[in-house]
Structures are given as C-alpha cells and as structure tokens.
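What follows is one structure encoded as structure tokens, with my remarks underneath.
The values are calculated or read from the model by the stated rules, or taken from the named source; none is laboratory data. Only a predicted model underlies this, so the values are computations on that prediction, with no experimental measurement involved. Positions of Cβ are backbone-derived with ideal geometry, glycine not excepted, and every protein chain shown enters the neighbour counts. Remember, those area values only see protein heavy atoms, side chains included, never the ligands or the DNA or RNA. Shrake-Rupley method; radii C 1.70, N 1.55, O 1.52, S 1.80 Å.
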Amino acid sequence: QVQLVESGGGLVQAGGSLRLSCAASGRTFSSTVMGWFRQAPGKEREFVANIGWSSGSTWYADSVKGRFTISRDNAKNTVYLQMNSLEPEDTAVYYCAAAYGSIWYRTSGKYPYWGQGTQVSVSS
C-alpha cells in the first residue's frame, strides 16, 4: 500500500507560479511511477506529468510541456510539480498518484493509489 498527501495548491494570477508537493509513505519501491493528474469541473481527469521513482525519467502532457516540471526527492519520499506561467485553463483539482509501473502509464486507470487532491485556481 502507498499513501499520498498533496499540498501547495492555492489561488494565483495568470502568469504566476505554484509548487505542489506529494508526500508518499508505505511500500514505495524502485519500480514505482509517480504521476500528477488534474480534473477541472465538468471534465474528465487528465494526465499532467509523471516520473519514474528510481530512474527519474519524466513525461509531460503537451498542454504543460515547457511550463511545468516534475521532480522527486527520494530521501524525503516526496514528488513535486513546479508550475510556471500558469493560465486560467490550468484551474483544476490536482491529484498525485502512484503505480508499480513505468512512465508509459499515462491514464488514470493505471494508478491504484491516489491522494486527496489540492485545488489550483488561476485568475485572469
């Protein structure tokens, strides 16, 4: 089992930045992949980015590429999502997720472990 707790959401103006954190506990292994997803009102949950826990390899959705950066601190068992140049379209609840797999896992159904979510709101 893996437990995930997100933090760092909030309200920011367009063009601003936020950093989300996801603290993981429980059985995290080298084969774990950590992902960030988001869900806006009335929309399906969508993939944002993921990172291999051991390899550090990353993958990004086209909509955030060049603006968001995912990273991890293995010693702290924490994954981060640095979000720059935020746009109103980035407004959503952001979820951290974990799976025993690879960065090819880019759909929510592949991830059995989820955090509670953190709200990110970007005003124009």
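Convex hull over the Cα atoms of region 1-107, averaged projected area in nm²?
On the way: hull surface 25.5 nm².
So the Cα hull casts an average projection of 6.4 nm².
What number comes out for accessible area per residue over the chain if the probe is 1.4 Å? Units Å², please.
Per-residue accessible area for the chain comes out at 49 Å².
Give the relative contact order (percent, whole number) for the chain; include only Cα pairs under 8 Å separated by 6+ residues.
Numbers: 316 pairs, mean separation 44.7, N = 124.
Contact order relative to length: 36 percent.
How high is the relative contact order of region 7-66, in percent, counting Cα pairs under 8 Å that sit 6 or more residues apart?
Values: 64 pairs, mean separation 13.2, N = 60.
Taking the mean separation of contacting Cα pairs over the length of region 7-66, I get 22 percent.
Give the aspartates and glutamates whose C-alpha is closer than 20 Å to that of residue 65, dropping any in the same chain fewer than 8 places away, or say none.
44, 46, 87, 89, 90
Residue 75 versus residue 63, label points 7 Å from Cα toward the beta carbon: distance in nm?
3.6 nm
What does the charge add up to near residue 80, with Lys and Arg as +1, Asp and Glu as -1, over the other residues with Cβ less than 12 Å from its Cβ? Can you show the working numbers first?
On the way: positive: 19, 72, 76; negative: 6, 73.
Around residue 80, the surrounding residues sum to +1.
Pull up all non-local amide H partners of residue 117: gap of 5 or more, or a different chain, and H-to-H distance under 5 Å with H placed in the peptide plane.
6, 96
Suppose R0 equals 22 Å. What FRET efficiency, 1/(1 + (r/R0)^6) with r the Cβ-Cβ distance, do residue 123 and residue 19 give to the nearest 0.05?
Details: r = 18 Å, r/R0 = 0.82.
Efficiency at R0 = 22 Å is approximately 0.75.
Roll a 1.4 angstrom probe over the protein heavy atoms and tell me the percent of accessible area of the chain that is carbon or sulfur. Kindly include the intermediate steps, with their values, before the conclusion.
Numbers: 2950 of 6140 Å².
Looking at the chain in its full context, I get 48 percent from C and S.
Hey, rough spin-label estimate for residue 108 and residue 44, points 7 angstrom out along Cα→Cβ, what's it come to in nanometres?
Here the modelled spin labels are 1.0 nm apart.
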